[in-house]
Amino acid sequence: MIKRTLVCLILCGLVATGSLTAHHSLAGTYDIKTTNRATGLVVKVAFTNPHGALSVEIKDKEGVAKVWILTTGSSNVLTNAGVTATGPDRLKQGDTIEVSFNPALNGSNLGFLRSITLKGKKEVEFAPV
């Protein structure tokens, strides 16, 4: 009986801790108090779950182009906001867009996408997940 109880407690503990590690905090990776805004050229778009990625070539103050990788919401979040991978209004390589994002805390060219403005469209804002 003690063995069964012990096994049950261990299994319940594993199940509970597994769900805790599945989600992560934006504040642990990104500076959520800072929002950068830039215009750049789309290099690559990945419509994936649970998070997509948008690679954008952005020029710094000296005119040097650097590719920023912006983490996005899920493909469903993007599609529901009007940012699509197919169709006439799709987001594709070579598009010029304006983005706002929270930069990475470690200073790398990584950020969390907060909003995107496609050419000739209104700004689409994303809530953090």
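Search region 54-76 for residues that are more than 14 Å from ASN36 (Cα to Cα) and at pLDDT below 95 and pair each with any residue that is of a type outside the set (Asp, Glu) and part of a helix (DSSP H, G or I) when their beta-carbon atoms are under 7 Å apart and the residues are at least 6 apart or on different chains.
Close Cβ pairs (under 7 Å, with a partner that is of a type outside the set (Asp, Glu) and part of a helix (DSSP H, G or I)) amount to THR72/LEU78.
Within region 70-86, can one find any residue that is in a strand (DSSP E or B) and of a type in the set (A, V, I, L, M)?
Yes, that holds for at least one residue.
Which members of region 68-80 meet the condition of being within 11 Å of the chain's Cα centre (by Cα) and of a type in the set (S, T, N, Q)?
THR71, THR72, SER74, SER75 - these are the residues of region 68-80 that are within 11 Å of the chain's Cα centre (by Cα) and of a type in the set (S, T, N, Q).
Give region 49-69 a look and list any residue that's of a type in the set (S, T, N, Q) and part of a loop (DSSP other than H, G, I, E, B), or say none.
ASN49 - this is the single residue of region 49-69 that is of a type in the set (S, T, N, Q) and part of a loop (DSSP other than H, G, I, E, B).
Identify the residue in region 49-67 that is under 20 Å from the mean Cα position of the chain (by Cα) and of a type in the set (Val, Ile, Thr) and, among all such residues, is surrounded by the most Cβ atoms within 10 Å (Cβ to Cβ).
Filtering region 49-67 for residues that are under 20 Å from the mean Cα position of the chain (by Cα) and of a type in the set (Val, Ile, Thr), the one surrounded by the most Cβ atoms within 10 Å (Cβ to Cβ) comes out as VAL56.
Applying the selection to region 83-114, what residues are surrounded by fewer than 17 Cβ atoms within 10 Å (Cβ to Cβ), among the hydroxyl-bearing types (Ser, Thr, Tyr) and closer than 15 Å to ILE58 by Cβ?
Of everything in region 83-114, those that are surrounded by fewer than 17 Cβ atoms within 10 Å (Cβ to Cβ), among the hydroxyl-bearing types (Ser, Thr, Tyr) and closer than 15 Å to ILE58 by Cβ turn out to be THR96, SER108.
Out of region 101-120, which residues are touching a strand residue (DSSP E or B) at 6+ places or on another chain (Cβ under 8 Å) and within 17 Å of THR29 (Cβ to Cβ)?
PHE101, ASN102, PRO103, ALA104, LEU105, ASN109, LEU110, GLY111, PHE112, LEU113, ARG114
The values are calculated or read from the model by the stated rules, or taken from the named source; none is laboratory data. Remember, predicted model here, so these are calculated numbers, not experimental data. For neighbour counting, all protein chains shown are included, and Cβ atoms are generated from backbone atoms with ideal geometry for every residue, glycine included.
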